[in-house]
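Read-outs throughout are calculated quantities, based only on the coordinates presented, and are distinct from any laboratory measurement. If you're wondering where the values come from, they're calculated on a predicted model, not measured in any experiment. Cβ coordinates were reconstructed from backbone atoms using ideal geometry, including for glycine residues, and neighbour counts include every protein chain displayed.
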Amino acid sequence: MPVPDRIAALTPEMTAWRRDFHAHPELGFEETRTAGLVAERLAAWGIEVHQGIGRTGVVGVLRGAMPGNRRIGLRADMDALPMPETSDVGHRSTYPGVMHACGHDGHTAMLLGAAKHLAQTRDFAGTVHFIFQPAEEGLTGALAMVEDGLFRRFPCDAVYGLHNLPQLPLGVVAIRPGTVLAAVDYFVIRLRGQSSHGAEPHRGIDPLPGATQLYAALQSLVSRRVDPHGTAVLSVAQFHAGTSDIVIPDTVEMRGTIRTLLPEMRTMMEGLFRQAVTGTAAAHGLAVELDYRRSYPPTINTPDEAALAARVAARVVGADAIRSDLPSLTAGEDFAYMLHEAPGAFVLLGQAGDAEGSAVPLHNGRYDFNDDLLPFGAACLVGIIHDELRDPAP
Ligand SMILES: [Zn+2]
Ligand SMILES: [Zn+2]
């Protein structure tokens, strides 16, 4: 396996860090233990450390031994999810109801491994910014760092991030230019009628018929209004009404998410959605309150950086193991906010192997990051720096 020996030698240490993070998972913007350990280790290796960026974010700055003006950002996410761990691996979560079910423990350990290696060798020309971000899971920690001056204080000519993927085998890497992950929007709809006795619905305005028709209308937006070659997902994930068998409720609340891959589709879906909500509510004499929130933009890789990352990954896992044909995923990533500020690429690393939990889907209670992936990920990160920050021509 062409992972350089010195990086492969870091595997036991990265594994120990990863399992320790796994056993002590922290929710978004609460990653004080994790961020503290990250900062402590970076400082011990002689890397300049900046803490508290975007609340619990950490940035390490390392200059190469050779002169160079280019600056490259490498990013990992540190947060866990509010869910119980249901497997009994030895390093399982010791915090009830909190779990690293997305592998951010592994991403943090890989970036630490790359940082340690690069701090020892400093065999590059320019500056590396190691970006450890908080709160990726729905809380827009990347945006918090950007708004806190991340790229003003630590400018990056390009920025790269990695994510593990249990649906691909270990040793396979998916990388492509263009949209990799979807835009993420959320909605809350409240339809208000007028409550009445269950025996006398005509004395009130029952919001349920309107709400169920709206539910059906929303389901037909994607199937009937969106070009079959385009991609959009609309999921009503919560539907709440009522408190009793003999009371017609006055309010129905529906909540959910819309995912799209292209900015035009995002705008179109929001328009169709608003029209369906207001039109259906009006037809049923219901008042409507709509909270529509645009969250993560789509994660879009720039072509040059995607090509560089693919070249680097091919050296690590072999050209045959690079997948450039994987369809865009309808999940979202707040690394998108960083790619909005600088060119770069988001690389997906297959992780399904012999290790328990490595093929279990992300955000499942039995998922576990595969430690066998650590040397591959660290080697890719180091390789990106070597290719981006080559010794300038004499
Ligand atoms: Zn996740
Ligand atoms: Zn994740």
Exercise. Please give the contour-minus-distance gain from A237 to A8: 0.36 nm per residue of separation, less the Cα-Cα distance, rounded to one decimal in nm.
Key: 78.1 nm
Exercise. Specify the angular offset, from 0 to 90 degrees and rounded to the nearest 10, of the alpha carbon long axis of helix 11-23 from the longest principal axis of the alpha carbons in the chain.
Key: 30
Quiz item: Which is farthest toward the positive dipole end of the chain among I300, T34, L290, measuring Cα position about the Cα centre, with Cβ charges +1 (Lys, Arg) and -1 (Asp, Glu)?
Solution: I300
Quiz item: Excluding S196 itself, what net charge comes from residues whose Cβ is under 11 Å from its Cβ, given Lys and Arg +1 and Asp and Glu -1?
Solution: -2
Practice problem: Report the local net charge at A378: Lys and Arg +1, Asp and Glu -1, summed over other residues whose C-beta lies under 13 Å from its C-beta. | Solution: -1
Self-check item: Listed residue (G350, N364, G332) projecting farthest to the positive dipole end of segment 290-394, Cβ model
Solution: G332
Quiz item: So how strong a dipole does the chain carry about its Cα centre when Lys and Arg Cβ are +1 and Asp and Glu Cβ are -1, to the nearest 20 debye?
Solution: 660
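For the chain, what is the relative contact order in percent, using Cα pairs closer than 8 Å and at least 6 residues apart in sequence?
25
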Quiz item: How far is it, in nm, from the label point at Y95 to the one at Q275 when both lie 7 Å from their Cα along the line to the Cβ?
Solution: 4.5
Exercise. On a C-alpha basis, how far is the centre of segment 99-142 from the centre of segment 334-359 in Å? Whole number, if you could?
Key: 12
Quiz item: Using alpha carbons only, how many degrees (0 to 90, rounded to 10) separate the axis of helix 104-121 from the longest principal axis of the chain?
Solution: 20
Quiz item: How large is the dipole of segment 281-394 about the Cα centre if only Lys and Arg carry +1 and Asp and Glu carry -1, each at its Cβ, rounded to the nearest 20 debye?
Solution: 220
Practice problem: Have a look at T260, T280, T302 and tell me which one the Gaussian network model of the chain (Cα, springs below 10 Å) gives the largest fluctuation. | Solution: T280
Practice problem: Round to the nearest 10 and give me the degree value, 0 to 90, for the angle of helix 303-317's Cα axis relative to the longest principal axis of the chain. | Solution: 60
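Fewest Cβ neighbours within 10 Å first, please rank H163, H229 accordingly.
Taking fewest neighbouring Cβ atoms as first place, the list is H229, H163.
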Quiz item: Dipole of segment 183-294, Cα-centred, from +1 at each Lys and Arg C-beta and -1 at each Asp and Glu C-beta, to the nearest 20 debye?
Solution: 300
Quiz item: Where the Cα atoms of the chain are projected onto their three principal axes, how long is each span, largest first, in whole Å?
Solution: 84, 42, 39
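Once you keep just the Cα pairs under 8 angstrom separated by 6 or more residues, what percentage relative contact order results for segment 168-271? Intermediate results must be reported in sequence, preceding the final value.
On the way: 156 pairs, mean separation 38.8, N = 104.
Normalised by residue count, the contact order of segment 168-271 is 37 percent.
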Quiz item: T267 to V188: extension gain in nm, 0.36 nm per residue of separation minus the Cα-Cα distance?
Solution: 26.7 nm
Quiz item: How big is the gap, in Å, between the Cα center of segment 220-269 and the Cα center of segment 181-213?
Solution: 13
Self-check item: Options V316, A237, A65, ranked by Cα towards positive dipole end of the chain, top entry (Cβ charges)
Solution: A65
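What does the charge count near V252 come to, summing +1 for each Lys or Arg and -1 for each Asp or Glu among other residues with Cβ under 12 Å from its Cβ?
Counting the neighbours of V252, the net charge comes to -1.
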Quiz prompt | MRE, 222 nm, helices only [DSSP H, n ≥ 4, -39500 (n - 2.57), over the chain, to nearest 500] | solution = -10500 deg cm²/dmol
